Amino acid sequence: MFPGNVLSIEDLSVQAMEEIFQRAAYYKSEDRGVAFSALKGKNIVLSFWEPSTRTRVSFELAVQKLGGTVLDLRPEQNSEKKGESLEDTVKTLRSLGADALIFRHGAPGLFGRISRTVDLPLISGGEGCYQHPTQTLLDIFTMKEAGIVLSGLEVVIAGDILHSRVARSHLLALPAFGARVTLVGPPALLPRELVPPGLNYTYSFDDVLARGGVLYLLRVQMERHRRFFSSPGEYAALYGLNEKRLALLNNETFVMHPGPVNLGVELSTGALHILEANCPDKVLIQKQVRNGVYVRMAVLDLLLSGRMV
């Protein structure tokens, strides 16, 4: 059976992920004025305790395209302000007729505990520094759509590994599909104890640019980095993909980023323009954004239909 919640990439078998990709491809191929009805009569609550544009809007579009109703629960206006626990809030939503809750929250593990006591399907839109399962799903879907063969592929994930929920999900998902992962970043943001057994890591960005079939750049989290770098420019000088470093990049490498991109930090404006002008098919960033809608449609459909995979 498809899992009752999607809180971690570990909730999904490879078979379940492949089913998501197949369903996402179907929705993408048929999204030309076709009225979908998988969520007709369903009430889907969105509640994000942390900022989001891509994830939140793509989930909202996914619900609407499937014929469901989006209920916007604004954390600053709900009864937590009156002392109600989050668990009681989720129970209340269930009693009011909610069919699923999509959330983003800064406290990792909180919704996992709630899921054990509340019978309401929960979907993570990013949880603290824990995981971001649907981002990983849309990333792998985008790779497959671009014709990338994951088995034997080397994926270089560069940047703030320590705080990245995206990286934590990819560290589990990519090896399950046969890909090799190399982590690169500053020592303070890539502690050795964080590297799972069997994965490569390095602190030299320049040394890995020629190796990866995919270069996955992580967002520099400015809100956390003041204690690690004197300025964003210092990070860019050591770990940013700029015009000079393009000469080191393998010509066959695909470039990805979960967004939002800090231009001039993890990726320079000049480097992006050169890539888009000379090899636009190798820059998958906007394709990741577009595919987020269809992958999240697939997750919602399969989660709420409970079909076999």
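The values are calculated or read from the model by the stated rules, or taken from the named source; none is laboratory data. No experiment lies behind these values; they were computed from the predicted model shown. A quick note on method: Cβ atoms are made from the backbone with ideal geometry, for glycine too, and the neighbour counts reach across all protein chains shown.
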Complete set of residues in segment 103-151 that are aliphatic (A, V, I, L, M) and modelled with pLDDT under 90: A107, L110
Output for segment 179-203, where each listed residue is among the polar types (S, T, N, Q) and under 22 Å from the mean Cα position of the chain (by Cα): T182, N200
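Residues are listed down the side, and each one gets a yes or a no for (1) surrounded by fewer than 21 Cβ atoms within 10 Å (Cβ to Cβ); (2) without any contact (Cβ under 8 Å) to a residue 12 or more places away in the chain; (3) out of contact with any helix residue (DSSP H, G or I) (no Cβ under 7 Å at 6 or more places or on another chain):
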residue: I140; (1), (2), (3): no, no, no
residue: A146; (1), (2), (3): yes, no, yes
residue: V149; (1), (2), (3): yes, yes, yes
residue: E154; (1), (2), (3): yes, no, yes
residue: A158; (1), (2), (3): no, no, no
residue: A167; (1), (2), (3): no, no, yes
residue: L172; (1), (2), (3): yes, no, no
Sole residue being surrounded by fewer than 16 Cβ atoms within 10 Å (Cβ to Cβ) and either in the same structural domain as R165 (by TED's automatic domain parsing) or under 21 Å from L138 (Cβ atoms) (or both), chosen from S37, S95, S58, S29: S29
Selection within segment 29-59 - closer than 19 Å to V90 by Cα and either in a helix (DSSP H, G or I) or within 22 Å of the chain's Cα centre (by Cα) (or both): I44, V45, L46, S47, F48, W49, E50, R56, F59
Output for segment 247-276, where each listed residue is surrounded by fewer than 16 Cβ atoms within 10 Å (Cβ to Cβ) and assigned to a helix (DSSP H, G or I): T269, G270, H273, I274, E276
Matching residues in segment 116-135 - criterion: being over 19 Å from S169 (Cα atoms) and either in contact with a helix residue (DSSP H, G or I) (Cβ under 9 Å, 6 or more places away or on another chain) or part of a strand (DSSP E or B) (or both): T117, V118, D119, L120, P121
Scan of segment 261-297 for residues that are in contact with a strand residue (DSSP E or B) (Cβ under 9 Å, 6 or more places away or on another chain) and among the polar types (S, T, N, Q), ordered by number: S268, T269, Q288
Subset of segment 277-301 [under 17 Å from V214 (Cβ atoms), out of contact with any helix residue (DSSP H, G or I) (no Cβ under 8 Å at 6 or more places or on another chain) and assigned to a helix (DSSP H, G or I)]: P280, D281, I285, Q286
Cβ pairs under 9 Å, 6+ apart, first in segment 184-201 and under 17 Å from L172 (Cβ atoms), second modelled with pLDDT of 90 or more and surrounded by fewer than 14 Cβ atoms within 10 Å (Cβ to Cβ): Y201/R192
Test: residue in segment 1-11 that is part of a helix (DSSP H, G or I) and surrounded by fewer than 13 Cβ atoms within 10 Å (Cβ to Cβ): no
From T117, T142, residue being outside the structural domain of V299 (by TED's automatic domain parsing) and among the polar types (S, T, N, Q): T142
Residues located in segment 187-220, provided they are basic (K, R) and either part of a loop (DSSP other than H, G, I, E, B) or not assigned by TED's automatic domain parsing to the domain that holds L153 (or both): R211, R219
Search result, residues across segment 259-309 that are in contact (Cβ under 8 Å) with a residue 12 or more places away in the chain, closer than 23 Å to K244 by Cα and either acidic (D, E) or touching a Cys at 6+ places or on another chain (Cβ under 9 Å) (or both): E266, D281
